[in-house]
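The values are calculated or read from the model by the stated rules, or taken from the named source; none is laboratory data. Just so it is clear, the model here is predicted, and its values are computed rather than measured. Note that each Cβ is placed from the backbone with ideal geometry, even for glycine, and that neighbours are counted across all protein chains shown. SASA here: full protein model, heavy atoms, side chains in, ligands and nucleic acids out. Shrake-Rupley method; radii C 1.70, N 1.55, O 1.52, S 1.80 Å.
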Amino acid sequence: ALKFILEGIKASLDGGDLPFKDTSKNEWYAKYLYTAYKNKVVDGYPDGRFKPAGTVNKAEFYKMLFNGMGVAVDSSVSEDPADDVKASDWFAPYIAKAKSMGVMQSDIRTVRPANGMSRGEVAEAIYRLMTVVK
């Protein structure tokens, strides 16, 4: 997902030591991850890992997408953006933003934020955002 986002915006990639205990600067993804970390697109998990072999879920992806493409997201949400996304969830602002911008269907009531995303779903969300933010 990071590669799709950073390639989509034609980001200049940087290399450096990765701060995550489960990553290596010798992996194919290292420059993408380092660039994203340096630019505050990703943080990793509280236990110091990034989980690079894991499937990105919707909650994580929309945070990466908006942060990576420089879209401002209000940190507070006044109402639940979906039946399965409460306003108090850390990812609620990103889901609300995706719905309000048309990156995600605005009338969808069940988002399933913990579900993984396919490459096609990732590409479609990036495309939708790129057509809105020009």
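Some notes on this structure:
- By the helix-only formula, in which each DSSP H run with n ≥ 4 contributes -39500 (n - 2.57) and the sum is divided by residues, the chain has a 222 nm mean residue ellipticity of -11000 deg cm²/dmol.
- Over 25 Å between alpha carbons, listed pairs Lys38/Lys63; Lys21/Lys99; Lys51/Lys99; Lys3/Lys63; Lys10/Lys86; Lys25/Lys51: Lys21/Lys99; Lys51/Lys99; Lys10/Lys86
- A 1.4 Å probe run over segment 27-111, with the rest of the protein chains in place, finds 54 Å² accessible per residue.
- A simple packing score, the average count of other Cβ atoms within 10 Å per residue, orders the peptides 53-66, 18-31, 83-96 as 53-66, 83-96, 18-31, with the highest score first.
- Over segment 39-82, equivalent-ellipsoid semi-axes from the Cα gyration tensor in Å: 21, 14, 11
- Rounded to 0.05, the FRET efficiency of the Trp90 and Asp14 pair, given R0 = 35 Å and the Cβ-Cβ distance, is 0.85.
- A simple rule links phi to the HN-Hα coupling: the Karplus curve 6.51 cos²θ - 1.76 cosθ + 1.60 with θ = phi - 60°, which for segment 28-37 gives 4, 8, 4, 5, 5, 5, 4, 4, 5, 5 Hz, with x for Gly and Pro.
- The shape of the chain comes out prolate: with a ≥ b ≥ c from the C-alpha gyration tensor, a/c is at least 1.5 and a/b beats b/c.
- Rounded percent of accessible protein surface that carbon and sulfur make up, the chain, 1.4 Å probe: 47
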